[in-house]
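Notes for the one structure printed next.
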Amino acid sequence: MRFRLNGTATDVIVDGSQSLLRVLREDLGLFGSKDACEQGECGSCTVLMDGQPVCSCMIMAADADGADVVTVEGLTPDGGNSPLQEAFLDEAAAQCGYCTPGFVVAATHLLEQNPHPTEEEIRVALAGNLCRCTGYGSIIRAIRRVQ
């Protein structure tokens, strides 16, 4: 399959049964997208595919052929933290950190589409992402901090 990954043309041989998440983690060594439920329920594997947030565990790798895919690693190509990632740190929005990459990707998409979302708009945009540690207050504060 040939696709654009974090801004770079990428070729990889995939097994027909592999999910995009498996290819990202196992074949390409990008471990930011987490493997939690493999049912599209938790959002920990969220990536942007052709500009839209998707659960990479639910996308067959072959379906990403020709797509533009951005993982959490691709949000900070200089190796530092984005303002949103810094806000997550400042607000203690990343406790165990397992869900954090998915939240950061989903929130990045939200802020690109709507730079000044209301709390309700933030909640709707993050509805597909689950956190078992923070109670969401710190995550919402982090997103509002970068508006």
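Worth a mention:
- Filtering the range 72-98 to residues that are assigned to a helix (DSSP H, G or I) and among the charged types (D, E, K, R) leaves GLU73, GLU86, ASP90.
- A search for C-beta distances below 9 Å between a residue of the range 116-144 that is at pLDDT below 95 and among the β-branched types (Val, Ile, Thr) and any residue that is buried (at least 19 other Cβ atoms within 10 Å of the Cβ) and assigned to a loop (DSSP other than H, G, I, E, B), counting only pairs 6+ apart in sequence or on different chains, returns THR134/ALA93; THR134/ALA94; THR134/CYS99.
- Note on the range 35-57: residues that are more than 18 Å from LEU5 (Cβ to Cβ) and either assigned by TED's automatic domain parsing to the domain that holds ALA107 or touching a strand residue (DSSP E or B) at 6+ places or on another chain (Cβ under 7 Å) (or both) amount to 2.
- Qualifying residue in the range 96-108 (condition: more than 15 Å from the chain's Cα centre (by Cα) and surrounded by fewer than 20 Cβ atoms within 10 Å (Cβ to Cβ)): yes
- Residues that are assigned to a strand (DSSP E or B) and touching a residue at least 60 places away in the same chain (Cβ under 8 Å), drawn from the range 15-71: THR46, LEU48, PRO53, CYS55, ASP68, VAL69, VAL70
The values are calculated or read from the model by the stated rules, or taken from the named source; none is laboratory data. It should be emphasised that the depicted structure is a prediction, and the values quoted were computed from it without experimental measurement. Every residue, glycine as well, gets a Cβ built from its backbone with ideal geometry; the counts of neighbours run over all protein chains shown.
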